[in-house]
Every structure is written in C-alpha cells, then in structure tokens.
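Below: one structure, written as structure tokens.
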Amino acid sequence: QARGLIHRDIKPGNIMVCERGGIQDVAKLLDFGLVLPPVDESAGEKLSQDGAVTGTPAYLSPAQAGGQESLDARSDIFSLAIVLWEMCTTHRLFRGENDLATLQLIINEPPKHPSVFNPEVPPEIERIILKALSQDLANRYATAEQVQHDLAAFAVQANLEMSAAGLSA
C-alpha cells in the first residue's frame, strides 16, 4: 500500500507466515497477479472493465463485490479484516449458497461481531476488526499504517498487562 498499489485478492491462501531469525513472526503477502496501481481519474485511465468482479468472492470488499472500478487502500483493508475475523473465530465471515449470494452478503450484511463466535476475542481486537470492516468508507481505516498503529498499540498494552501479571513469555 505504501507504493499506492491495490492488491485486490487478500485472502488466507495469499498470506504466508515466514521465519525470521528462526521464529515464525513475519507474514508475507503473495500473488500479485491482480495488483493495480490506483486509477488516475483525471487522466481518464481505465484499468479494469466496468462492473467486473475480480478476486476471491468471500474476501472482496463491498466496492469490489459491487464491481466498482476505482478502488483504494480501504478495499484491501476490508479484505484483510475478513482474514483477521476468520482467524479469531475459525468461521467463514461471508458464506452464501453460491458466489453471487456471497457477494450480496458482503454488500448488504453488516459483519457479526467476532466475539459472538469466540468470546475470548479481546474487545480492542474486535473494535479494530469491525472498524476495518465498516461498510461506510468514512468509518473504515484509510491506510494500512492506521491499522498497524492500532494493532501495535494493542500488542504493547497486552504485553504490559501480561508483564504486570507476571505472565511474560
């Protein structure tokens, strides 16, 4: 995202956990086959066909599911939030009877709170996920850096609480 690219297919199969220094602590995003630069509307660029849906249906943003041609970072943030939601719950967030039904769910149904499926999801993680899944673009994170900031702040707080309780690793 820092380079202005839109991945358009963030899903579990395109995220790989890698080792750094013998510890599995780095996630790498793979498969850049659908990546596009942001559309320069003033230049009249058109990088995809109107109404075309590109990506894996269960992990599309509402804008992608609706076939919007101009996407920004908030689209990838929504897709990443689906992955985070599923990591916390071990359930599929959007599952329709077929791809079209799944797209309709993404467009029309607000996401359920992850704590409904896993009461151990920390409230701050749930808040971050739900903000990233906001149907209203104005309420969704605008950049990956904002998501990273909130996740890092949660991690720092969780580590402080663990240390205070004598539970540090």
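The values are calculated or read from the model by the stated rules, or taken from the named source; none is laboratory data. Only a predicted model underlies this, so the values are computations on that prediction, with no experimental measurement involved. Methodologically, a virtual Cβ is constructed for each residue, glycine included, from the backbone with ideal geometry; neighbour enumeration extends over all protein chains shown. These accessible areas exclude ligands, DNA and RNA; they are computed on the full protein's heavy atoms, side chains included. Shrake-Rupley method; radii C 1.70, N 1.55, O 1.52, S 1.80 Å.
Net charge near A153, counting Lys/Arg +1 and Asp/Glu -1 over other residues with Cβ under 15 Å of its Cβ?
Its environment carries a net charge of -3.
I'd like to check one number: the per residue accessible area of the chain, probe 1.4 Å, reported in Å² as a whole number.
60 Å²
Roughly how many percent of the accessible protein surface of the stretch 54-143 is carbon and sulfur, given a 1.4 Å probe and a whole-percent answer?
Roughly 53 percent, rounded to a whole number.
Could you grab the relative contact order for the chain? Cα pairs under 8 Å, six or more apart, rounded to a whole percent.
After rounding, I find 19 percent.
Sort S115, S61 by accessible area with a 1.4 Å probe, largest first.
Heavy-atom accessible area, descending, gives S115, S61.
Quick check: net charge around S115, other residues with Cβ under 13 Å of its Cβ, Lys/Arg +1 and Asp/Glu -1?
That works out to -1.
When the chain is treated as a GNM, springs tying every alpha-carbon pair under 10 Å, which of Q135, Q68, Q157 comes out with the largest mean-square fluctuation?
Maximum fluctuation in the GNM of the chain, among the listed residues, is at Q157.
Distance in nm between label sites at K112 and E124, each 7 Å beyond Cα in the beta-carbon direction?
Once both label points are built, they end up 2.7 nm from each other.
Counting only complete DSSP H runs, which helices of the chain cover 27 Å or more along their long axis at the Cα atoms and score a mean Kyte-Doolittle of 0.0 or above?
Within the chain the helices that satisfy the rule are 144-164.
So what is the 222 nm mean residue ellipticity for the chain from helices alone, if each DSSP H run of at least 4 adds -39500 (n - 2.57) and you divide by all residues, rounding to the nearest 500 deg cm²/dmol?
Helices in the chain give a 222 nm mean residue ellipticity of -12000 deg cm²/dmol.
Please build a GNM for the chain, connecting alpha carbons under 10 Å apart, and tell me which residue among E69, E97, E126 fluctuates the most.
E97
Would you work out if the stretch 98-162 is rounded, prolate or oblate? Take a ≥ b ≥ c from the square roots of the eigenvalues of the alpha-carbon gyration tensor; rounded if a/c is under 1.5, else prolate when a/b is larger than b/c, oblate otherwise.
On the way: a/c = 3.21, a/b = 1.64, b/c = 1.95.
Cα axes put the stretch 98-162 in the oblate bin.
In terms of solvent-accessible area of protein heavy atoms at a 1.4 angstrom probe, what is the ranking of H7, H91, highest value first?
Result, largest first: H91, H7.
With the Cα gyration tensor of the chain in hand, give its eigenvalues times 5 under a square root as the equivalent ellipsoid semi-axes, listed largest first in whole angstrom. Please report the intermediate quantities before stating the final value.
Details: eigenvalues 175, 74, 46 Å².
Value: 30, 19, 15 Å, ordered largest first.
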